[in-house]
Amino acid sequence: MTENLNILRTMLHTWSDEEVSEAWSMIANEGKRRKKVKTQKLKGTLSPGNKVEFESSKMGTCTGHIIRVKTKNAIVEVKGQNWNVPMSMLTKV
């Protein structure tokens with residue numbers, strides 16, 4: 001565990017419930033912001049035919065080709081099956 005996480009753990013033990021709730025909200029908002037930035041950057045580089053990878057809970061790492069790029073998702077063909085995958089889950093290969 002990093003030093004920052006150790007500091008956070010200590011702070012969580014000393015904060016009130018209200019402070020913990022506020023910190024949780026701040027962390028969640030930062031996560032959403034980072035996901036949005038990643039999606040926007042990736043969307044600008046992806047186009048139909050690009051080879052991409054993503055993690056599936058049932059199939060593990062899946063590799064396929066983009067069929068269509070939508071606003072927040074992409075249709076990815078993997079082994080003859082189309083998947084509607086959020087952009088934030090895709091990695092360009």
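Tabulated data
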read-out	value
Subset tally (residues that are without any contact (Cβ under 8 Å) to a residue 12 or more places away in the chain and either under 30 Å from LEU8 (Cβ atoms) or of a type in the set (D, E, K, R) (or both)) for region 24-69	17
Any hit, region 25-47, residues being open to solvent by 90 Å² or more (accessible area, probe 1.4 Å), of a type in the set (Asp, Glu) and not in a strand (DSSP E or B)	no
Test: residue in region 67-74 that is under 28 Å from ASN4 (Cα atoms), at pLDDT below 95, open to solvent by 40 Å² or more (accessible area, probe 1.4 Å) and in contact with a strand residue (DSSP E or B) (Cβ under 8 Å, 6 or more places away or on another chain)	no
Region 3-24, subset hydroxyl-bearing (Ser, Thr, Tyr) and open to solvent by 80 Å² or more (accessible area, probe 1.4 Å), residue nearest to ARG68 (Cα to Cα)	THR10
Residue that is modelled with the highest pLDDT [pool: residues in region 75-93 that are touching a helix residue (DSSP H, G or I) at 6+ places or on another chain (Cβ under 9 Å) and not in a strand (DSSP E or B)]	LEU90
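The values are calculated or read from the model by the stated rules, or taken from the named source; none is laboratory data. In this text, all values refer to a predicted model and were calculated from it rather than measured experimentally. All Cβ positions, even for glycine, are placed from backbone atoms using ideal geometry, and neighbour counts span all protein chains on display. Surface areas here come from the heavy atoms of the whole protein model, side chains and all, with no ligands, DNA or RNA. Shrake-Rupley method; radii C 1.70, N 1.55, O 1.52, S 1.80 Å.
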